[in-house]
Structures are given as C-alpha cells and as structure tokens.
1. Regarding the stretch 86-183, what's the average projected area of the Cα-atom convex hull, expressed in nm²?
2. Taking a quarter of the surface of the Cα convex hull of the stretch 119-176, what do you get in nm²?
3. Evaluate the charge dipole of the chain about its Cα centre and quote only its size in Debye, nearest 20, assuming +1 on the Cβ of each Lys and Arg and -1 on the Cβ of each Asp and Glu.
4. Can you tell me which of Ser75, Ser103, Ser116 moves the most in a GNM of the chain? Springs connect C-alpha atoms under 10 Å apart.
5. Can you divide the C-alpha Rg of the chain by 2.2 N^0.38 Å and report the result to two decimal places?
6. Of all accessible surface on the chain at a 1.4 Å probe, what whole percent is carbon and sulfur?
7. Taking Cα centroids, how far is the stretch 1-78 from the stretch 116-136 in Å?
8. Based on the Kirkwood radius over alpha-carbon pairs, what value in µm²/s does the Stokes-Einstein equation return for the translational diffusion coefficient of the stretch 42-140 at 37 °C and 0.692 mPa s?
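The values are calculated or read from the model by the stated rules, or taken from the named source; none is laboratory data. If you're wondering where the values come from, they're calculated on a predicted model, not measured in any experiment. Positions of Cβ are generated from backbone atoms using ideal geometry, with glycine treated the same way; all protein chains shown enter the neighbour counts. For accessibility, only protein heavy atoms count, side chains too; no ligands or nucleic acids. Shrake-Rupley method; radii C 1.70, N 1.55, O 1.52, S 1.80 Å.
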Amino acid sequence: MKRKSTFQLVVIAMFAALTAVLAQFSVPIGPVPICLSTLGVYLAGGILGAAGGTVSIIVYVLLGAAGLPVFAGFSGGFHVIAGPTGGYIFGFVACAWIIGILSRRFGRKLLPLVFSMILGTAVCYILGTAWFMFVTKRGLMESLALCVIPFLIGDAAKIALSAAVVPQLGKVFDKLNAKVSAA
C-alpha cells in the first residue's frame, strides 16, 4: 500500500509541476493572459480522475498562493489569487474535478472527454468572470469581451489536443498504477 500512495503523490506532484510549467507559456493580452495552464488542468483531470486531478490542481494553486512563481508570467502570491485572475485560477480546481468525474464515469473516450472539458471550461469561465467582475467592477459584456471571447479558439485547441492524448496517456498511467499496486 505504501508504494501505491507514494506513486500517487509523485504523479500528483508531477501534474502540479506540469501545470506550473505550462502556465509560463503565456501571452499577456490584457487583464487575463492567454496561457497553457488549462492544458495541464485538462490532462490532470482526464488522466488522474477527480480525486488525483483535483488534488494536483489544488497543490498548484497553493504553491502559487504561497508565493512560488507558478502562475502565468512567473507570478505568484496571494495577491494574484485575490486579483482579477483569481477566479479563473480557482476555476481550474472545479474544471479538473468535472473532467475527472466524467472521465471515470464514461471512460476516456473522445466525445465524453471533449464534453467534460467543455463543461469544465464553462464552469471555469463562469467562476473566473464572476470574480473578475467583482474585483474590477466591470459589466458582463465587457468582462466577456476581455476574459472569455479571446480564449475560445485557444481553449478549443487545447481541448482537442487533450482529448486526443488522454486516452493513450491514461492507459500508460493505469498500467504503471497497476504495477505499483501489484508490487
């Protein structure tokens, strides 16, 4: 049992680190940067499931809240979470959970994965945009124009990539997990 627990902790840490690395591939276009961190969220939820994927993203958020530069643009600290992008960062947790729940329920099949990632992204957009509006005192249409519309095409591409690779990577993860459990 100890090996399996250690293996799970290592994999959770790896996905938190992957999300932190992907966040650095960012383009500052306004108050919310375009970045690849959601790719890490999609992969974590799809491969690790609800519990592991959610915990990995919570670890990522806590590392950033503690001041480590894991958020886009090598930023970190509580002020980032309390700032305009904080709702999206917390939305990552919900997104990973939704993807994880649905990927386990329906298997790692293309259409259910795409649906789960779209649903998770929609929840992330809702949480993030609501927080953005609260912090910046901007209206809904302006907030959507700044924080959602510019991200739709990129998020669709990240969803397509993730949905294509999660089934294969998930099989590798499951085999490794089974080997560790059997040892």
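1. With the hull built on Cα positions only, its mean projection is 7.0 nm².
2. 4.9 nm²
3. I would put it at about 720 debye.
4. It is Ser75.
5. The value comes to 1.01.
6. Carbon with sulfur: 78 percent of the solvent-accessible area.
7. When both Cα centres are located, 17 Å separates them.
8. Value of D from the Cα-based Kirkwood radius: 240 µm²/s.
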